[in-house]
Ligand code: IPM
Ligand code: MG
């Protein structure tokens, strides 16, 4: 097969880890006889510096004309004081909206060899295999009004949590479809004891559940879900939730894998190109030092092979290579343990290539 992939390195370690993903994809192409072509484009702080906007028009065009998009990370202290529309994060949110990627899949599986890199007890996390399905183009991140103003001499700020029934329905249905081919359980996370959006969310979840008789639906309040993720994470199969709750719970859940540096994600639309990015950020503190963990980025490219290109064997081969590397005791600094060998970003990529 022949595929065009848009490459958006972004900021900080994004630039380093994305090269790892490209090297792995090239090796996959050779091994399985596919051709991958890459178009690079700017996003985030980099784009603000070079083009005066975090999401240049050209970037959107390149992404829309691609078969899938790989993105490193955006953000950094350099742009923290910028006005909202010139913040790197606006570029990422804008791209998600432009591509209509409402469905964000964040798989969380414990790598047995990393179990003791987690701050949680091994026996709590070793059975973990869950999928967070986060709504990605609505909710508090996009609701209007949003902004600041003066009211009666007082400064105020507002954000709006807004969803249409249709937006809820499509993401909840996605969660059920995934659960059908997994352990057949959906946990819908909301705050229905307080929020109106959550009350509607719960009703919609009950309705969608009717279409999937073999999948069990459970409702859980978000505060309880945060607690249960730490107390007994292996009770979960698919967790579906709105944008902001999903943002918070997925960072929390990353600790179940040992490190945030291991968590990959796929963001899918109804029909256009998918967007693949690691869950972690741009890690400005270690940027440019060739120290970053490229595995979440590499695993994100494996998700691309699977979800956008239906290259299941190829995706499995990449995932297996990552597991083998960990098993053989190779680590980057963030997941280093006693008796393991700490590698640089490039060396870690090289190891994955060897095992591939
Ligand atoms: C994530 C990130 C982003 C988000 C930021 C960078 C805007 O935290 O993908 O989880 O909040 O969605
Ligand atoms: Mg986040």
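Derivation of every value follows stated rules applied to the coordinates shown; laboratory data play no part. As the structure is a prediction and not an experimental result, all values here were calculated from the model. Heads up, the Cβs are rebuilt from the backbone with ideal geometry, glycines too, and the neighbour counts pull from every protein chain shown.
Compute a Gaussian network model of the chain, connecting alpha carbons closer than 10 Å, and tell me which residue from 263, 70, 200 fluctuates the most.
Among 263, 70, 200, the largest mean-square fluctuation in the Gaussian network model of the chain belongs to 200.
Just want to confirm a number: the relative contact order over the chain, from Cα pairs under 8 angstrom separated by 6+ residues, in percent. All intermediate terms of the calculation are to be shown ahead of the outcome.
On the way: 778 pairs, mean separation 77.0, N = 356.
22 percent.
Between the alpha-carbon centers of the range 209-281 and the range 132-164, tell me the distance in whole angstrom.
The two parts, judged by their Cα centres, are 22 Å apart.
Taking the Cα of residue 234, stepping 7 Å toward and past its beta carbon, and measuring to each backbone N in the range 110-134: which are under 18 Å?
110-131, by backbone N distance to the label point.
When a/c is below 1.5 the answer is rounded, else prolate if a/b is larger than b/c, else oblate, so apply that to the range 210-356 with a ≥ b ≥ c taken from the square roots of the Cα gyration tensor eigenvalues.
Details: a/c = 1.87, a/b = 1.43, b/c = 1.30.
Judged from the Cα gyration tensor, the range 210-356 comes out prolate (a/c at least 1.5, a/b above b/c).
Could you work out the Rg to Rh ratio of the range 119-257, with Rh taken as the Kirkwood radius (inverse of the mean 1/r over all Cα pairs)?
Radius of gyration over Kirkwood radius for the range 119-257 works out to 1.04.
Could you tell me how many cubic angstrom of Cα convex hull volume the range 53-182 has per residue?
Working: hull volume 26.5 nm³, N = 130.
Taking the convex hull of the Cα positions in the range 53-182, it is 204 Å³ per residue.
Taking the inverse of the average 1/r across all pairs of different Cα atoms in the chain, what Kirkwood radius in Å do you get? Walk me through the numbers before you get to the answer.
Working: mean 1/r = 0.0480 Å⁻¹.
When all Cα pairs of the chain are included, the Kirkwood radius is 20.9 Å.
Considering only DSSP beta bridges with both partners in the chain, what is the antiparallel share in %, to the nearest 5? Don't jump to the answer; show the numbers that get you there.
Values: 20 of 50 bridges.
Rounded to the nearest five, the antiparallel share is 40 percent.
If the range 1-119 were replaced by its equivalent ellipsoid, with semi-axes equal to the square roots of 5 times the Cα gyration tensor eigenvalues, what would those be, largest first, whole Å? Don't skip to the answer; put the middle values down first.
Working: eigenvalues 133, 91, 37 Å².
Semi-axes from the Cα gyration tensor: 26, 21, 14 Å.
Could you work out how far apart the two model spin labels at residue 146 and residue 336 are, taking each label as a point 7 Å from the Cα in the direction of the beta carbon, and quote it in nm?
Rounded to a tenth, the inter-label distance reads 3.9 nm.
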